[in-house]
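K.L.:
Here it is, the structure in full.
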Amino acid sequence: METIIEIRNLHKFYGSHEVLKGIDLEIKSGQIIGYIGPNGAGKSTTIKILTGLLIDYAGEVKINGLEIKDHSLEIKSLIGYVPENAILYDSLSPMEYFRFVGGLHQLDLDKIKSKSQELLRVFGLADNRNERMTSFSKGMKQKVLLISGMLHNPQILFLDEPLSGLDANSVILIKEILNQMRTVGKTIFYSSHIMDVVEKLCDRIILINSGLVIADGTFEELKNAQNSASLEQMFNLLTGNNEHIALAAEFVEIIKE
Amino acid sequence: MNKVIIKLIGKLRFLFSRPDVDFDQLLLILETKLTIDNRRSRVNLQGQAVKESKYIFIKQLAFIFVLSSLMAMFIIFLPTPVMSFSIYSAYLMVTITMILITDFSSVIMDTSDFVIVYTRPVSSRTLFLSRLIHTFIYLLQLSLAILLPAIIVTAYKYGFITAVVFTILSLFLVLMTLFLTNLFYLLVMRFFSEEKLKNIINLVQIGIAIVLMSGYRLVMNFFSFDSLENIDNLQIGGWHFVLPPMWVGFLMDTTITSKFQSNTWVLLVLIIGIPLVSLYYMTSKLINGFGGRLGSIDDSKKGKKSVENKKDISELLSKFIFKSGASRANFEFIWKMTSRDRNFKLKTFPMVAYLLISMPTIFLVNKDKSLNGMLELAQSQTWMVFYMIYMTSIIMNVVRQNVVFYEKPLASWVFATSSIRNPGELFLGQLYAIAVKYLMIFFIPISFIILSVWGFEYLDDIFFGIFIAIISQQVLYLSIKYTLPFSLANEKPSGAQTIFMLLQMFFVGIVGYLHNIISHVSYVILIGDIMAIVLLVILNKEIKKIGWEKVNI
């Protein structure tokens, strides 16, 4: 396993507000990395920097040994990105969308067509492939997004809440796909609020809070270090105010009034 | 205003003393809905969604009132009551239908009631009545804004009693309009998917915008008042029975002149009967099926599209125009989106229609209306050739300006994460998508007209016009920062962009003028054509080289 992502002393300001306060990470290929943290902790910012969307950062961020700031194009062709909330141009059909995205990645048109047709079939969307996506459910759009993020066979995949809107069967399928992609050497950067999935799926878990890494390791390691039974519990212990029992009691009391 | 309305309705408690209606709930639902109404963003004349603000609805009413005051002039100045009241009633019906379809459709179609209200202990009759009353309040406010000027004018010209009759007849007409619109919705919902319905609404909105933006130009030319004087003693018959505004016209005529025709009573029965019967039908029949019907809009998928891959024409064209992936992808993307995105269409089509309608209106005022007369006139005015040729290049600008806007601008992340070295390739795809699509849509018919009316010697001029239009666009792309297509929420274009656009239009105007002057020396234009092609190819190469530093992200 070689180092594929290297982050040294990463800082990022929005105006005078410091979102990332010096992050250091080294990530090996062929792993699923769980990237977790409360809202506003700096998760999305890190992902935006790693995908080349934000380049005005301070510090060193290297993918495959290349500094992102200076080689954003080479890096963009290496990575795939699936944003949350399934935002895409839904006036197009899935096939048209893939044709468009594939075109932006300079892929061969016939290749895109055959590949995306097969991928849609696997996801059970073969019959919808030429329908406009305005009528699609959130889960269907999510599947289209997942395919569009992997169409160009990226080495590193950035997923932001990739299971949202999907039904249980699709969730199992996607999890297995991610598992098998790891075994063929892909690196997956997985960001989510669903702790159970992260706990079971990820080889390594990175927890950030207010722009700093506060825990890093396999689930087993974290569990032993923090003395918690589940990732959820540990998350609450490290980032919450640990008042949830008192707050819940208060809530129930008020409802009774 | 809403508080007053709620108080007034509160006084009507005795009307609703039924066991299955909870009046307090009803008032609460109404109050909430009226508040929401006043905050709903609306689409203004330029097709831009108006930002949420207070009193939107009141402003809209004021606007309608002013417009209606102008329409009330008909009642003052037209000598025949049949005509003046028919026209005003037609205006009333059309306005209310359009507002019901475009603006109020979101309220009629709103299915959130069933999730938010119906999951609470609210009886279906309470909910139904609240919706009905809500619709009535809305309609009454609108109708008053439309009718008040006419009522005042009628009272002044024909007396108080006539004005009262007019008010009553008009309110029946409003009810009938509501019924017809409802019928329209039920039909559309039965046969088409929700998508189709949205498209139909979109078309109606575009139609309204076109009428509002360009209507006065046409009205000025088409209306000649002397032709109306001849129908002083119009007999009721035939097609009058299918035009409700004519019913009001004839009934008002009878009220004013006391001249009864044998058919007058038929019209009276129709105008009172149809609304009452339909109202009874709506309340009794629909009340039960109503929940299910509306609730099913959300998931029903009628008129599903076939699985067959119908290749978009852009995918066939792009093959001949581009080899590079990014240009080609963006060419097809722009082509498809400009035909599909409703907001884009709503913004662009009316402006394009306006430009086309403002083309020479000289024909409309010409005394000799025969085809030969028109042809002779046209042939004597060669400047029109150049006017038509260069007008279309402004259309390209309108399109280029609007193509950057999109409801969900975040969707443009695909561009940002793609590995395109030179975004100039994107520019090129966009430029030629707009050029080929819009220039050709207008140029082929216009060329046909020019060649058949003015002769084949203008062929080289037409080509020169096309080249100039494209070159002026190329210059624009090279000189201003480029914004990715469909990547911005609605905003005003930047000042710099507007200045460059005006400069470009000025440039096109100058070239058009010079072209007009030197055009009789035919080989000059031929040489110009060749030079233009060379310039065009060079500029294409330049655009392709443009880097990311010239893109707004």
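The values are calculated or read from the model by the stated rules, or taken from the named source; none is laboratory data. What you see is a predicted model; the values in this text were computed from it and never measured. Note: ideal-geometry Cβ built from the backbone for every residue, glycine included; neighbour counts use all protein chains shown. Quick note on the areas: whole protein, heavy atoms, side chains included, nothing else; ligands and nucleic acids left out. Shrake-Rupley method; radii C 1.70, N 1.55, O 1.52, S 1.80 Å.
K.L.:
In whole Hz and in residue order, list the ³J(HN,Hα) couplings for segment B:463-477 that follow from phi through the Karplus curve 6.51 cos²θ - 1.76 cosθ + 1.60, θ = phi - 60°; x for Gly and Pro.
P.N.:
Listing the rounded values in order: 4, 4, x, 4, 4, 4, 4, 5, 4, 5, 5, 4, 4, 4, 4 Hz.
K.L.:
Go through A:K111/A:K143; A:K141/B:K336; A:K138/B:K33 and tell me which ones have a Cα-Cα distance over 21 Å in this structure.
P.N.:
Values: A:K111/A:K143 19 Å; A:K141/B:K336 19 Å; A:K138/B:K33 28 Å.
Pairs exceeding 21 Å: A:K138/B:K33.
K.L.:
Among rounded, prolate and oblate, which fits segment B:313-552 when a ≥ b ≥ c are the square roots of the eigenvalues of its C-alpha gyration tensor, a/c under 1.5 means rounded, and a/b larger than b/c means prolate?
P.N.:
It comes out prolate by the Cα gyration axes.
K.L.:
In addition: Does anyone have the angle between helix A:244-256 and the longest principal axis of chain A? Alpha-carbon axes, 0 to 90°, nearest 10?
P.N.:
Helix A:244-256 and the main axis of chain A meet at about 90 degrees.
K.L.:
Now a separate question. About the Cα centre, and with charges only on the beta carbon of Lys, Arg (+1) and Asp, Glu (-1), how big is the dipole of segment A:200-257? Nearest 20 debye, please.
P.N.:
Magnitude of the dipole: close to 160 debye.
K.L.:
Quick check on my link table: of A:K113/B:K198; A:K21/A:K113; A:K12/A:K223; A:K62/A:K200; A:K223/A:K256; B:K3/B:K408, which ones sit more than 32 Å apart, alpha carbon to alpha carbon?
P.N.:
In this structure, A:K21/A:K113; A:K223/A:K256; B:K3/B:K408 lie more than 32 Å apart at Cα.
K.L.:
What per residue convex hull volume, in Å³, do the alpha-carbon atoms of segment A:102-226 yield?
P.N.:
About 140 Å³ per residue, rounded to a whole number.
K.L.:
Oh, and also: Given a 1.4 Å probe and the protein chains all in place, what does the accessible area of A:K113 round to, in Å² to the nearest 10?
P.N.:
100
K.L.:
Provide the solvent-accessible area of B:E31, counting protein heavy atoms only and rolling a 1.4 Å probe, rounded to the nearest 10 Å².
P.N.:
80
K.L.:
Residues of segment B:416-450 losing 30 Å² or more of accessible surface, assembly versus chain alone, probe 1.4 Å, please list them.
P.N.:
Output list: B:A416, B:T417, B:S418, B:S419, B:I420, B:R421.
K.L.:
Continuing with the same structure: Residues of segment B:325-347 losing 50 Å² or more of accessible area relative to the isolated chain, 1.4 Å probe, heavy atoms only?
P.N.:
Those are B:A329, B:F333, B:R340, which lose 50 Å² or more relative to the chain on its own.
K.L.:
OK, next. Residues of segment A:52-84 losing 50 Å² or more of accessible surface, assembly versus chain alone, probe 1.4 Å, please list them.
P.N.:
A:L73, A:K76
K.L.:
Let me ask something else. On a full-extension model of 0.36 nm per residue, what is the gain between B:L183 and B:I530, subtracting their alpha-carbon distance, rounded to one decimal in nm?
P.N.:
119.0 nm
K.L.:
With only Lys, Arg, Asp and Glu charged, each at its Cβ (+1 for the first two, -1 for the last two), find how big the charge dipole of segment B:313-552 is about the Cα centre; round to the nearest 20 debye.
P.N.:
860
K.L.:
Between A and B, buried accessible area summed over both sides at probe 1.4 Å, in Å² to the nearest 100?
P.N.:
Interface area, both chains combined: 3400 Å², rounded to the nearest 100.
K.L.:
Which aspartates and glutamates does B:K481 reach when only Cα atoms under 17 Å apart count, and residues fewer than 8 places away in its own chain are ignored?
P.N.:
Within reach: B:E425, B:E491, B:E542, B:E549.
K.L.:
Using the Karplus equation 6.51 cos²θ - 1.76 cosθ + 1.60 (θ = phi - 60°), what ³J(HN,Hα) coupling, rounded to whole Hz, does each residue of segment B:167-179 give in order, writing x for Gly and Pro?
P.N.:
With the stated coefficients, segment B:167-179 comes to 4, 5, 4, 5, 5, 5, 5, 4, 4, 5, 4, 4, 5 Hz.
K.L.:
Give the separation of the Cα centroids, segment B:466-489 to segment A:67-127, in Å.
P.N.:
Each part's Cα centre sits 26 Å from the other's.
K.L.:
Per the Cauchy relation, a quarter of the hull surface: what is the mean projected area of the convex hull of the alpha carbons in chain A, in nm²?
P.N.:
16.6
K.L.:
What percentages, rounded to whole numbers, describe P(r) for segment B:419-543 computed over all alpha carbon pairs with 5 Å bin width beginning at zero?
P.N.:
Reading upward from the zero bin: 2, 9, 16, 20, 21, 14, 9, 5, 3, 1, 0.
K.L.:
Calculate the dipole size of chain A relative to its Cα centre from +1 charges on Lys and Arg beta carbons and -1 charges on Asp and Glu beta carbons; express the result in debye to the nearest 20.
P.N.:
So the magnitude is around 780 debye.
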